[in-house]
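Each remark here refers to the structure printed beneath this line.
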Amino acid sequence: KRISVIGLGYIGLPTAAVIASRGMEVIGVDVSENAVNTINQGKIHIVEPDLDMVVQAAVTTGKLRATLTPEPADAFMIAVPTPFKGNKEPDLTYIEKAAQAIAPVLEKDNLVILESTSPVGATEKLCQWLQKERPDLSFPTDKGEQADIQVAHCPERVLPGKVLQELVSNDRIIGGITTHCAERAIELYKTFVRGDCIVTNARTAEMAKLTENSSRDVSIAFANELSMICDELDINVWELIRLANRHPRVNILNPGPGVGGHCIAVDPWFIVDSSPKTARMIRTAREINDHKPHYVMHQIKSAADEFKRPVIACLGIAFKADIDDLRESPAKAIAEELTASGAGEVLIVEPNITELPASLVDAGARLVSLDEALQSCNVLAVLVDHREFKKLQAADTKQAMVIDTRGIFG
Ligand code: SAJ
């Protein structure tokens, strides 16, 4: 069997490499020449623990090959980005482009799987886009079980930082447009997934993925709202949550500087876009989490205003602990806003990177060691709970005013 993976990013590349490591022939397709060349040299263009070794092995054994133009295959797995537009409407352009790219090489009995997190109805749209390009083939939205091509939505659910492990161990939701589509998809996933593969229809599978991330977003918003209420009432939110969580049926998540990454801060908007009047809590949770970085930035700024020559140390700019991913990071946004506001000299400690992004360098921020930051700062903002920072004791921060958004000092 030949499997083609469209989109070789954070989801597509690990998926392609894992399937190749099971002995199947995998052709990876990407629009980026740099990604294609890097992968064909057995290297990777993204950061994920252990991915380099798996990709190198898959390329060296000839099981994985990357290309710019799709080639015929038995199954196509689409793992392209689904961002939102300025007005928070889902942007399905990458899925449409992927459909147009694979349509010319589609053959009868091919299986097409959409892995990208998508708004409800996107898998049906994918069928329509393919149908438009290939009027000679029939699709399950139209011809049901008699269709030439099978289509399913099997949303990815892996946690950045643990992708290789979760790709194999997580349960999978298999949303077939028809039963036969689901059966075909299960057959493919069973070759590399150890978790259960649970069948449903495509629309429910789309909504299930959005629901998982919205559920987490709503829970984090609850914690973030609590943290702001506690500031007003002079209560330590970390102690409060520890106490409340002693109740057998309460499990509050951790407040933080806001919600980052490219999933949890995006996906709930797809539900809001589909049901704008009804999705009130989901929208409010998004607004609370999006507001949190501004709130934290003002807290830091008022602390800095207490000093004649404020030196602000920002501990961490990644979007969460122990990764180097700065995309959609609230911590990075806070550091940028602080630097631009002229609140003081800004020192950044980020053990997972070797160079600061240009936006911060240009604004005058400096990347320094933890020791240097501790020695020279008078305001200390803990923005990410990296393992290096969790070792800190209150005594290490000396005379600095501390804003601890992650509760490392409890
Ligand atoms: N965060 C908090 N408090 C918490 C937990 C998280 O502030 O108690 C923040 C993090 O610091 C980070 C953001 O939330 O900024 C998101 O981090 P995360 O670890 O919760 O999730 P992601 O975005 O790395 O991955 C999520 C996962 N979804 C769920 O756990 C329901 C993952 O399984 C999905 O595959 C992924 O989104 C995705 O691709 O959709």
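Let me confirm something: among V259, V250, which residue is under 24 Å from L338 (Cα atoms) and among the hydrophobic types (A, V, I, L, M, F, W, C)? Step through it out loud before you land on a result.
Details: V250 fails: under 24 Å from L338 (Cα atoms).
Step by step, each of V259, V250 is checked, and only V259 is under 24 Å from L338 (Cα atoms) and among the hydrophobic types (A, V, I, L, M, F, W, C).
So, in region 369-389, of the ones that are surrounded by fewer than 13 Cβ atoms within 10 Å (Cβ to Cβ) and within 24 Å of G161 (Cβ to Cβ), which residue ends up farthest from the chain's Cα centre (by Cα)?
So, considering only residues that are surrounded by fewer than 13 Cβ atoms within 10 Å (Cβ to Cβ) and within 24 Å of G161 (Cβ to Cβ), the one farthest from the chain's Cα centre (by Cα) is S369.
Can you tell me which condition K398 does not meet? The list is (1) in contact with a Ser or Thr (Cβ under 6 Å, 6 or more places away or on another chain); (2) more than 23 Å from G258 (Cβ to Cβ), and all the others hold.
Only one criterion is unmet by K398, namely (1).
Taking only region 266-280 into account, find how many residues are in contact with a helix residue (DSSP H, G or I) (Cβ under 6 Å, 6 or more places away or on another chain) and surrounded by fewer than 24 Cβ atoms within 10 Å (Cβ to Cβ).
Summing the residues that are in contact with a helix residue (DSSP H, G or I) (Cβ under 6 Å, 6 or more places away or on another chain) and surrounded by fewer than 24 Cβ atoms within 10 Å (Cβ to Cβ) in region 266-280 gives 3.
Scan region 177-192 residue by residue and report those that are in contact with an Asp or Glu (Cβ under 8 Å, 6 or more places away or on another chain) and either among the acidic types (D, E) or not in a helix (DSSP H, G or I) (or both).
Passing the criteria: I177, T178.
Can you name the residue in region 329-368 that is touching a Cys at 6+ places or on another chain (Cβ under 9 Å) and farther than 16 Å from H298 by Cα and, of all such residues, is surrounded by the most Cβ atoms within 10 Å (Cβ to Cβ)?
E350
If you check I241, I186, I149, which single one turns out to be over 24 Å from the mean Cα position of the chain (by Cα) and within 12 Å of the ligand (Cβ to nearest atom)?
Testing whether each residue is over 24 Å from the mean Cα position of the chain (by Cα) and within 12 Å of the ligand (Cβ to nearest atom) leaves just I241.
Every residue, every condition in (1) assigned by TED's automatic domain parsing to the domain that holds Y10; (2) free of Cβ contacts under 8 Å to residues at least 12 places away in the same chain; (3) within 11 Å of the ligand (Cβ to nearest atom), yes or no:
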site: C197; (1), (2), (3): yes, no, no
site: T200; (1), (2), (3): yes, no, no
site: A205; (1), (2), (3): yes, no, no
site: N224; (1), (2), (3): no, no, yes
site: H247; (1), (2), (3): no, yes, no
site: D267; (1), (2), (3): no, no, yes
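So, in region 164-176, how many residues would count as being within 9 Å of the ligand (Cβ to nearest atom) and either among the charged types (D, E, K, R) or not in a loop (DSSP other than H, G, I, E, B) (or both)?
Total meeting the criteria: 1.
Pairs only if they're at least six apart or on different chains, beta carbon under 7 angstrom, first in region 154-173 and without any contact (Cβ under 8 Å) to a residue 24 or more places away in the chain, second part of a helix (DSSP H, G or I); list them, first residue then second.
L159/E166
What number of residues in region 35-81 are of a type in the set (A, V, I, L, M, F, W, C), assigned to a helix (DSSP H, G or I) and touching a strand residue (DSSP E or B) at 6+ places or on another chain (Cβ under 8 Å)?
The total comes to 6.
Collect the residues in region 137-179 that are surrounded by fewer than 22 Cβ atoms within 10 Å (Cβ to Cβ) and of a type in the set (S, T, N, Q), keeping them in residue-number order.
Scanning region 137-179 gives S138, T141, Q146, Q165, S169, N170, T178, T179.
Evaluate region 82-93: report whether one residue or more is hydrophobic (A, V, I, L, M, F, W, C) and either surrounded by fewer than 16 Cβ atoms within 10 Å (Cβ to Cβ) or in a helix (DSSP H, G or I) (or both).
no
Output the qualifying pairs, or none if there are none: Cβ atoms under 6 angstrom, residues six or more apart or on different chains, first residue in region 375-389 and without any contact (Cβ under 8 Å) to a residue 60 or more places away in the chain, second residue in a loop (DSSP other than H, G, I, E, B).
E388/P351
Find the residue count for region 226-236, including only residues that are in contact with a helix residue (DSSP H, G or I) (Cβ under 9 Å, 6 or more places away or on another chain) and either more than 15 Å from G410 (Cα to Cα) or within 12 Å of the ligand (Cβ to nearest atom) (or both).
Residues in region 226-236 being in contact with a helix residue (DSSP H, G or I) (Cβ under 9 Å, 6 or more places away or on another chain) and either more than 15 Å from G410 (Cα to Cα) or within 12 Å of the ligand (Cβ to nearest atom) (or both): 4 in total.
Looking only at region 323-342, filter to residues that are hydroxyl-bearing (S, T, Y) and not in a loop (DSSP other than H, G, I, E, B); which one of those is nearest to D362 (Cα to Cα)? I'd like the intermediate steps shown before the answer.
Restricting attention to region 323-342, the residues satisfying the condition of being hydroxyl-bearing (S, T, Y) are 329, 339, 341.
From the residues that got through so far, the ones that are not in a loop (DSSP other than H, G, I, E, B) too are 339, 341.
On the way: T339: 10, S341: 13 Å.
Only one residue fits best here, namely T339.
Can you go through I11, I46, I39 and tell me which one is more than 16 Å from the ligand (Cβ to nearest atom) and surrounded by 15 or more Cβ atoms within 10 Å (Cβ to Cβ)?
Result: I39 is the single residue among I11, I46, I39 that is more than 16 Å from the ligand (Cβ to nearest atom) and surrounded by 15 or more Cβ atoms within 10 Å (Cβ to Cβ).
Quick check, is V18 within 16 Å of the ligand (Cβ to nearest atom), touching a residue at least 60 places away in the same chain (Cβ under 8 Å), within 23 Å of D324 (Cβ to Cβ) and not in a helix (DSSP H, G or I)?
no
Looking only at residues that are within 16 Å of the ligand (Cβ to nearest atom) and buried (at least 24 other Cβ atoms within 10 Å of the Cβ) in region 294-328, which one is nearest to the chain's Cα centre (by Cα)?
Among those residues, the one meeting the criterion is F319.
Being part of a helix (DSSP H, G or I) and charged (D, E, K, R) is the filter; apply it to region 101-131 and report the residue that is farthest from K143 (Cα to Cα).
K125
The values are calculated or read from the model by the stated rules, or taken from the named source; none is laboratory data. Just so we're clear, the structure is a prediction, and the values are computed from it rather than from any experiment. Every residue, glycine as well, gets a Cβ built from its backbone with ideal geometry; the counts of neighbours run over all protein chains shown.
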